[in-house]
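The values are calculated or read from the model by the stated rules, or taken from the named source; none is laboratory data. Predicted model, so just to flag it, every value in this text is computed and none were measured. Because the Cβ atoms are built from the backbone with ideal geometry, glycine has one as well, and the counts that use them run over all protein chains shown.
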Amino acid sequence: MFFSNKIHKCILFLFVILALTIEIPIITAGFQTKPVASDTIIILGAKLIGPTPSTILRLRLDEGIKLYKNGYAATIIVSGGQGKDEEISEAAGMQQYLVQHGIDPTHILLEDQSASTYQNLKYSKDIMQANGLNTAIIVSNSSHIRRALVLAQHVGIEASGSPAPMSNNIFLTTGQYLREGIAMVTVLYAGK
């Protein structure tokens, strides 16, 4: 019995150390990552509710609008395919939102085939190459920015990041950080 408790405590201790080793860099990146003026802004997709961006996606779009209006880049790539439960592609919903908020539609490029962050960036790089764009600012929420930047490097995008704020919902935010920890392990060991 004593030996079993000692093993359980040891396993719990190792789990906590592993979790902190993964989560601390994710949290730190969300606070320390800063955008650098670039050729384009890539806004990564998230859930649509009908044709309307979810709170998470709206926060990303608002960050992209701010960057665009402050002259960080002259074009925006909106990246996201159509999920099974979505009426339109995330990219199309994002484009509509940006146009409604004063962005010139001729400055928006659509990537509407992706189904993962890796594909968002891989397909966005293809669009960059086709349009002579060499550098990008990746926009995603604070919990997601570290993984997005690691994947951007994997696909060969020279990028900085601009973390959008997190939702005010503590449960949603906690869930996103936990999800990102698991996803980051996958990226570190599988490269995607």
Checklist outcome for this item: For Ser162, the lone unmet condition from (1) closer than 23 Å to Ser54 by Cα; (2) surrounded by fewer than 17 Cβ atoms within 10 Å (Cβ to Cβ); (3) of a type in the set (S, T, N, Q) is (2)
Checklist entry - Limited to the range 88-122, what total is found for residues that are among the hydroxyl-bearing types (Ser, Thr, Tyr), part of a helix (DSSP H, G or I) and surrounded by fewer than 18 Cβ atoms within 10 Å (Cβ to Cβ)? => result 1
Item to check | Any chance Met184 is at pLDDT below 95, hydrophobic (A, V, I, L, M, F, W, C), in a loop (DSSP other than H, G, I, E, B) and on the phi < 0 side of the Ramachandran plot | outcome: no
Item to check | From Thr75, Thr135, Thr40, residue being hydroxyl-bearing (Ser, Thr, Tyr), surrounded by 13 or more Cβ atoms within 10 Å (Cβ to Cβ), without any contact (Cβ under 8 Å) to a residue 60 or more places away in the chain and in contact with a strand residue (DSSP E or B) (Cβ under 8 Å, 6 or more places away or on another chain) | outcome: Thr75
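For (1) without any contact (Cβ under 8 Å) to a residue 24 or more places away in the chain; (2) among the aliphatic types (A, V, I, L, M); (3) under 23 Å from Leu178 (Cα atoms), each residue gets a yes or a no:
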site	(1), (2), (3)
Leu44	no, yes, yes
Thr52	no, no, no
Asn70	yes, no, no
Asn120	no, no, yes
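One line per residue, one yes/no per condition, for (1) modelled with pLDDT under 90; (2) among the basic types (Lys, Arg); (3) more than 23 Å from Ala148 (Cα to Cα):
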residue	(1), (2), (3)
Leu12	yes, no, yes
Ala19	yes, no, no
Ala29	yes, no, no
Asp62	no, no, no
Asn70	no, no, no
Ala74	no, no, no
Ile103	no, no, yes
